Every structure is written in C-alpha cells, then in structure tokens.
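What follows draws every value from the coordinates through simple rules; no lab data is involved. Given the structure is predicted, the values throughout are model-derived calculations rather than measurements. Every residue, glycine among them, receives a Cβ derived from its backbone with ideal geometry; neighbour counts consider all protein chains shown.
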Amino acid sequence: MDESRFTYSGPAELLPAVARALEKVVDPEVALNIVDVGLVYGVAIADGRMDVRITMTSAACPVTDVIVDDVENALDDAMPPDLKIHVEVVWEPPWTSERMSGRARAFMGW
C-alpha cells in the first residue's frame with residue numbers, strides 16, 4: 001500500500017490501520033478501492049476525532065452516500081471505539097485522473 005496517496009496527520013501507529021480500512025472501501029462504479037481511485041484527500045486525527053476528506057469523480061456521483069457510509073463503517077471497525085469519525089465530501093481541488101494509482105490506471109486501461 002502506498003500510504004502517501006493521501007495526506008495524514010495523527011498518531012503514526014494508526015496510519016496502517018487507517019490505510020487498510022480505506023482500501024476496503026470500493027467505488028461500486030469502477031470496482032476499485034477509493035484510495036487507488038484517488039478519492040481520499042486526507043485524514044487528520046486529533047483530540048479524539050478523525051476528520052476524513054474525500055471527493056467523488058463527479059458532483060453527480062449517484063453512489064456518494066454509499067461510499068461515505070462505507071468509509072464511516074470501515075473506519076469505525078478499525079479504529080479505537082472512543083474515536084469520533086467525521087467524513088466530509090469536498091470538491092476542491094477537483095478530482096482528476098492523475099490522482100489514480102498506477103494499478104487503477106492499468107485496471108481502467110489508461
């Protein structure tokens with residue numbers, strides 16, 4: 001896993017579990033995990049709270065709610081129970097295909 005695919009600030013020991021949890025979340029429209037697609041912009045953990053910034057490939061994405069729920073559930077399962085998880089969908093900077101991993105590009109034939 002390339003953990004540099006998104007920004008992270010927080011306890012170093014939680015980063016591997018965060019990355020694994022996010023890699024379990026699949027964008028159903030492209031059948032790839034959201035880290036490889038480049039939808040995860042950043043994760044910050046401080047003061048008992050985790051803030052996760054994600055985006056979608058388009059503002060018209062019909063599965064936004066599904067992905068947000070899946071992110072919340074995957075992180076809730078992987079993180080300490082007292083950590084409050086907040087997922088925010090952001091549109092800046094806009095998603096571009098350059099955010100995709102090499103694996104995702106190969107899968108999509110790009």
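Using a Gaussian network model of the chain whose springs link C-alpha atoms within less than 10 Å, name the residue from V37, V25, V90 with the highest mean-square fluctuation.
V90
Can you grab the distance from the C-alpha centre of region 62-87 to the C-alpha centre of region 1-60, Å, no decimals?
Centre-to-centre (Cα) distance: 10 Å.
How much of the DSSP bridge set in the chain is antiparallel, in percent, rounded to the nearest 5? Please list the in-between numbers first.
Working: 8 of 17 bridges.
Of the beta bridges lying entirely in the chain, close to 45 percent run antiparallel.
Where does the chain land at 222 nm, in deg cm²/dmol rounded to the nearest 500, when only DSSP H runs of n ≥ 4 count, each adding -39500 (n - 2.57), divided by all residues? Before the final figure, lay out each step's value.
Working: 4 runs with 35 residues, N = 110.
Taking each H run of at least 4 residues, the total per residue is -9000 deg cm²/dmol.
Between A12 and D77, what FRET efficiency comes out of the Förster formula 1/(1 + (r/R0)^6) with R0 = 22 Å and r the beta carbon distance, rounded to 0.05?
Numbers: r = 20 Å, r/R0 = 0.93.
Here the calculated transfer efficiency is 0.60.
Extent of region 3-92 along each principal axis, from alpha carbon coordinates, in Å, largest to smallest?
34, 24, 21
At a Förster radius of 41 Å, what calculated FRET efficiency corresponds to the Cβ-Cβ distance of E98 and A46, to the nearest 0.05? Don't jump to the answer; show the numbers that get you there.
Numbers: r = 29 Å, r/R0 = 0.71.
Result of the calculation: an efficiency of 0.90.
Helix 64-78 sits at what angle to the longest principal axis of the chain, using alpha carbons and giving 0 to 90 degrees rounded to 10?
40
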